[in-house]
């Protein structure tokens, strides 16, 4: 029998006794079983309808992916303590980002293929820029469980420095609640991360490096 959790349907749970990624082997890995018809799973091709969750990523300790299609476990750099820019906040990983001379906190979400979001706190901290350059539009927001149109303020472009890399959002969508929360500035998606040639994550030194 299925159940619902956080807005999406779950058929059940399972434990994978042995899960191997290259030379890395994990044992007794818990899994959620989600129907193939569930958005956004149904947008993936058969054979690709699976996601690596945070517990597995943490078990890797260090990993890196790059635009040449490589995913390497155990090769992330180990920067000095001053370069640490990741932290845990409950079940979320937060990344420290810079923009316009300010330090911002973003949810680090590698599973967010729908795009980077800016939230209410960004709108408050950059009120002048939002007022002068923002345009109200209706944007489609797709998450696990479905999609809805939400009102957003759209900026033509903003620049973010993430893990030492200068990235830009063109355009940048700012949502009010119920999208996001009032504590972080937004959610980092793959549209921003994929601007770099490589992304390295190191849970030993709690660092994120883009090159």
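Residues of segment 31-48 that are loosely packed, with under 15 Cβ neighbours inside 10 Å and in contact with a helix residue (DSSP H, G or I) (Cβ under 7 Å, 6 or more places away or on another chain): 36 alone.
Among the conditions (1) closer than 14 Å to residue 85 by Cβ; (2) buried (at least 21 other Cβ atoms within 10 Å of the Cβ), residue 203 misses just one, which is (2). Of the strands (runs of 3 or more DSSP E) that lie entirely inside segment 131-211, those containing 1 or more residues that are within 18 Å of residue 100 (Cα to Cα) span 146-155, 158-162, 165-169, 172-175, 186-188. With respect to being within 30 Å of residue 51 (Cα to Cα) and surrounded by 12 or more Cβ atoms within 10 Å (Cβ to Cβ), residue 105 fits the description. Please indicate, with yes or no, whether at least one residue in segment 149-160 is under 25 Å from residue 88 (Cα atoms) and either in contact (Cβ under 8 Å) with a residue 12 or more places away in the chain or touching a helix residue (DSSP H, G or I) at 6+ places or on another chain (Cβ under 8 Å) (or both). Yes: segment 149-160 contains one or more residues that are under 25 Å from residue 88 (Cα atoms) and either in contact (Cβ under 8 Å) with a residue 12 or more places away in the chain or touching a helix residue (DSSP H, G or I) at 6+ places or on another chain (Cβ under 8 Å) (or both). Scanning segment 108-128 for residues that are surrounded by fewer than 17 Cβ atoms within 10 Å (Cβ to Cβ), touching a residue at least 12 places away in the same chain (Cβ under 8 Å) and more than 24 Å from residue 54 (Cβ to Cβ) gives a single hit, 125. Taken over segment 140-157, residues that are modelled with pLDDT under 85 and surrounded by 12 or more Cβ atoms within 10 Å (Cβ to Cβ) amount to 8. Evaluation of residue 176 against the conditions (1) within 25 Å of residue 132 (Cα to Cα); (2) in contact with a helix residue (DSSP H, G or I) (Cβ under 6 Å, 6 or more places away or on another chain); (3) in contact (Cβ under 8 Å) with a residue 60 or more places away in the chain shows that the sole unmet condition is (3).
Yes or no: residue 89 surrounded by fewer than 13 Cβ atoms within 10 Å (Cβ to Cβ) and either under 30 Å from residue 50 (Cα atoms) or at pLDDT 95 or above (or both)? Judged against the criteria, residue 89 is a match. Of the residues screened, residue 20 is not one that is out of contact with any strand residue (DSSP E or B) (no Cβ under 6 Å at 6 or more places or on another chain), modelled with pLDDT of 90 or more and closer than 21 Å to residue 191 by Cβ.
In segment 92-139, of all residues being at pLDDT 90 or above and in contact with a helix residue (DSSP H, G or I) (Cβ under 6 Å, 6 or more places away or on another chain), the one that is nearest to residue 37 (Cα to Cα) corresponds to 116. Here residue 67 meets the list (1) surrounded by 13 or more Cβ atoms within 10 Å (Cβ to Cβ); (2) modelled with pLDDT of 85 or more almost entirely, failing just condition (1). Against the conditions (1) modelled with pLDDT under 90; (2) within 24 Å of residue 197 (Cα to Cα); (3) crowded, with 17+ Cβ neighbours inside 10 Å, residue 167 satisfies every one except (1).
The values are calculated or read from the model by the stated rules, or taken from the named source; none is laboratory data. Note that the structure is a prediction, hence the values are computed from the model and not measured. Virtual Cβ from ideal backbone geometry, glycine too; neighbours counted across all protein chains shown.
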